[in-house]
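Here's the structure, in structure tokens; my notes come after.
The values are calculated or read from the model by the stated rules, or taken from the named source; none is laboratory data. Bear in mind the structure is a predicted one, so any value in this text is a computation, not a measurement. Methodologically, a virtual Cβ is constructed for each residue, glycine included, from the backbone with ideal geometry; neighbour enumeration extends over all protein chains shown. The area values use the complete protein model at the heavy-atom level, side chains included, leaving out ligands, DNA and RNA. Shrake-Rupley method; radii C 1.70, N 1.55, O 1.52, S 1.80 Å.
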Amino acid sequence: MPAAYKFLICAFVFSLISGIIIIPRILVISHKHQLYDIPDSRKIHDTPIPRLGGLSFFPTITVTIALLMAIRYLLGYDIIHIPERIVLVEFLFLLAGSCILYVVGVGDDMIGISYRSKFLAQIICGMMLALSGLWIHDLNGFLGIYGISPLVGYPLTVFVVVYITNAFNLIDGIDGLASGLVSISLAVFSIIFIKERQLIYALVSISTLGVLLPFWFYNVFGNQQHGHKLFMGDTGSLTLGFILSFLTLRICLTGIEGKFVTNHVIVAVSSLVVPLLDVIRVALHRIRKGRNPFKPDRNHIHHKLLRAGMRKRYVPITIIVVAMFYVLLNYFLNKWMNITFIAIIDFAIWYILHAIINYYIKKVEIVPHSI
């Protein structure tokens, strides 16, 4: 086995074991100090549940990356195939942005923070990634657009970071959904970066995936009555969303030797399609109803599936299957059509999916009135 693969396996195992050790202790602290997510009319759970699982993400990811990079350097192995200065600047801004969102997330989970403050923090973090050099300068033919100027590229990059970060923050509303969707994206990103021999970015994906798996186990299979269930909270969802936006920008900007690889971009973005499209649909629905698009409600896709009569345990499975379907579909569509037509097909499928869900919602809601 090549040394690079051993290096990534070690990172995954270290991150996984760290999560296994840390997460139970977070549960103990949460119960001791009664740090719970309290049920309300918008939430699905009906008993107080600890929501500080995301506290384990950023420290574990940071320590894993730093430790494995240091060990590999000491052993004399190369870990990157692009200029070290570029990687250093990107990672320093990633670290700074992650710290900001980690603190904001902790504050929101502990005492609550307004959506305006969280939105401002995300904009600042988006600006950091743009300043690091990860700004979108080519749409590769999407809507007939190719190269774009910094005046357009920088604001667009900030928008993309805020968009992706918020998408995963907002869809975190049912057990196993956000963590499952993020795991799919991280697995896809890991494969792409390994294929492109960009091991340093594969390390970020693998390290994040490692700590996410033990959390997913507690989140999905934890016994609520025995106090073993755990939510990631905004600390976790903001951290994961920002890391995914960083990795997405890196895939969009570089392939082998800095070349744009269309297929990689389409596959990577396809793994994000479900939360990204859901945010658009929910925001438009709130605006149409005259409500603030940033105020939470019960209109996300998982809420609609529950209203349509689907059992709670099947909802995240269904949505994750849809996400995997988009990845496979777009991978094959890319062989015959450009990005614009693929996006149109994705929107059409999303519209049809919700038309079907709406049909079943109406069917379920009519039944009580007819009895």
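VAL220: open to solvent by 10 Å² or more (accessible area, probe 1.4 Å) and either touching a residue at least 12 places away in the same chain (Cβ under 8 Å) or out of contact with any Cys (no Cβ under 9 Å at 6 or more places or on another chain) (or both), yes or no? Yes, satisfied.
No other residue among ILE266, ILE345, ILE280, ILE319 is on the phi < 0 side of the Ramachandran plot, without any contact (Cβ under 8 Å) to a residue 12 or more places away in the chain and part of a helix (DSSP H, G or I) apart from ILE280.
Of all the listed residues (TYR154, TYR163, TYR201), the sole one being over 22 Å from VAL274 (Cα atoms), open to solvent by 20 Å² or more (accessible area, probe 1.4 Å), touching a helix residue (DSSP H, G or I) at 6+ places or on another chain (Cβ under 8 Å) and assigned to a helix (DSSP H, G or I) is TYR154.
Is it true that some residue in the range 291-303 is in a helix (DSSP H, G or I) and more than 21 Å from the chain's Cα centre (by Cα)? No: zero hits. Consider SER179 carefully, then state whether it is part of a helix (DSSP H, G or I) and either open to solvent by less than 20 Å² (accessible area, probe 1.4 Å) or touching a Cys at 6+ places or on another chain (Cβ under 7 Å) (or both). For SER179, the condition - part of a helix (DSSP H, G or I) and either open to solvent by less than 20 Å² (accessible area, probe 1.4 Å) or touching a Cys at 6+ places or on another chain (Cβ under 7 Å) (or both) - is met. Here PHE119 meets each of (1) of a type in the set (Phe, Trp, Tyr); (2) under 18 Å from the mean Cα position of the chain (by Cα); (3) open to solvent by less than 70 Å² (accessible area, probe 1.4 Å) with one exception, condition (3).
Scanning the range 23-42 for residues that are assigned to a helix (DSSP H, G or I) and either at pLDDT 95 or above or basic (Lys, Arg) (or both) turns up ARG25, LYS32. Tally the residues that are open to solvent by 100 Å² or more (accessible area, probe 1.4 Å), at pLDDT below 75 and within 19 Å of PRO2 (Cα to Cα), restricting the search to the range 70-103. The number of residues fulfilling the criteria is 2.
Of all residues in the range 134-148, those that are surrounded by 12 or more Cβ atoms within 10 Å (Cβ to Cβ) have Cβ atoms under 9 Å from Cβ atoms of residues that are at pLDDT 80 or above and among the acidic types (Asp, Glu), 6 or more apart or on another chain, in LEU134/GLU90; ILE145/ASP138; ILE148/ASP138. Of PHE142, PHE93, PHE58, all but one fail to be farther than 29 Å from LEU16 by Cβ and among the aromatic types (Phe, Trp, Tyr); the exception is PHE142.
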